[in-house]
Amino acid sequence: MSVKTLEIDGRAVTGRAGETIFTVAWENGIRIPRLCHVGGLSDVGACRLCLVEVEGWKKLAAACLTPVEEGMVVRTATERLKEHRRVIIELLLAERNHVCSVCVMNGACELQDLAAELGVDHVRLRYRFPRLGVDTSHERFGMDHNRCILCTRCVRVCDEVEGAHTKDVAGRGANSVIITDLGEPWGESDSCTSCGKCVQVCPTGALFSKGKSVAEMRKDRGFLKY
């Protein structure tokens, strides 16, 4: 397999043909923010937080989907990119009802961590305040659609790792929601194996284990092949 030499944030690095900018950056200790990516699952480029600048390219490139090329010059942390990421975080916070103070993932939430890292201390957009439900019909787990950011990690882990394909996305745009099977309550699903993998990969408190109180949830992703 051929080796590609490129530059990321002023550092000369190498990657194998077919590897993405995100993978090569991560292997070289260069962190690029992300919410939909998780090691061991396919990438979909849904969150757009990993967009980077590539010299000579007019458009920003999704690092998780863009293969490295010989001589490529990549910038991952310019002021333009930081502002772009701040706007995305604000959009996510405004789209649904994220109330950190009463969330099981408070203090261990990836969305919360990124907001703090990027300096998002307020939202400049109008909140939508949608009326979304909480499905607690499953014996062990629950899903709070108010906290879902539609990263589709749960959909992918259920399909690619567990092989059940219980979770999917229904609707369009801001009205999209994660569904179980064909829209049944989670507790009535015939395909769910109750493995809990979807709960473990969720970056927010949207999927949770019952019996956990505020700030008590911690995720274990040891089952994934990084």
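The values are calculated or read from the model by the stated rules, or taken from the named source; none is laboratory data. Values in this document were obtained by computation on a predicted structure and should not be read as measured data. Note: ideal-geometry Cβ built from the backbone for every residue, glycine included; neighbour counts use all protein chains shown.
Before moving on, here are some points about what is shown:
- Of the residues making up region 40-62, those that are in a loop (DSSP other than H, G, I, E, B) and touching a helix residue (DSSP H, G or I) at 6+ places or on another chain (Cβ under 8 Å) number 10.
- Residue within region 32-55 that is surrounded by fewer than 22 Cβ atoms within 10 Å (Cβ to Cβ), touching a residue at least 12 places away in the same chain (Cβ under 8 Å) and over 28 Å from LEU93 (Cβ atoms) present: yes
- Across region 10-31, the qualifying residues are those that are part of a strand (DSSP E or B) and of a type in the set (A, V, I, L, M, F, W, C), and the one among them that is surrounded by the most Cβ atoms within 10 Å (Cβ to Cβ) is VAL13.
- Taken together, the residues in region 19-76 that are of a type in the set (Lys, Arg) and under 18 Å from LYS4 (Cα atoms) amount to 1.
- Residue in region 63-80 that is part of a strand (DSSP E or B), under 30 Å from LYS197 (Cβ atoms) and in contact (Cβ under 8 Å) with a residue 12 or more places away in the chain present: yes
- Across region 113-130, the qualifying residues are those that are outside any loop (DSSP other than H, G, I, E, B) and touching a residue at least 60 places away in the same chain (Cβ under 8 Å), and the one among them that is farthest from VAL177 (Cα to Cα) is GLU117.
- Selection within region 214-226 - exposed (fewer than 14 other Cβ atoms within 10 Å of the Cβ) and at pLDDT below 80: LYS225, TYR226
- The number of residues in region 162-191 being out of contact with any helix residue (DSSP H, G or I) (no Cβ under 7 Å at 6 or more places or on another chain), on the phi < 0 side of the Ramachandran plot and not acidic (Asp, Glu) comes to 11.
- The numbered conditions (1) under 20 Å from VAL201 (Cα atoms); (2) crowded, with 17+ Cβ neighbours inside 10 Å are all true for VAL134 except (2).
Here's the yes/no breakdown for (1) under 17 Å from the mean Cα position of the chain (by Cα); (2) among the β-branched types (Val, Ile, Thr); (3) modelled with pLDDT under 95; (4) farther than 30 Å from ASP190 by Cβ:
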| residue | (1), (2), (3), (4) |
| --- | --- |
| ASP43 | yes, no, no, no |
| ARG48 | yes, no, no, yes |
| LEU65 | yes, no, no, yes |
| MET72 | no, no, no, yes |
| ALA77 | no, no, no, yes |
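- Whenever a residue of region 88-111 is within 12 Å of LYS212 (Cβ to Cβ), its partners that are assigned to a helix (DSSP H, G or I) and at pLDDT 95 or above, lying with C-beta atoms within less than 9 angstrom and at least six residues away or across chains, give the pairs CYS103/GLN112; CYS103/ARG147; MET105/LEU111; MET105/GLN112; MET105/ARG147; ASN106/GLN112.
- Looking across region 13-62, the residues that are of a type outside the set (D, E, K, R) and at positive phi come down to GLY18, GLY29, GLY40, GLY45, GLY56.
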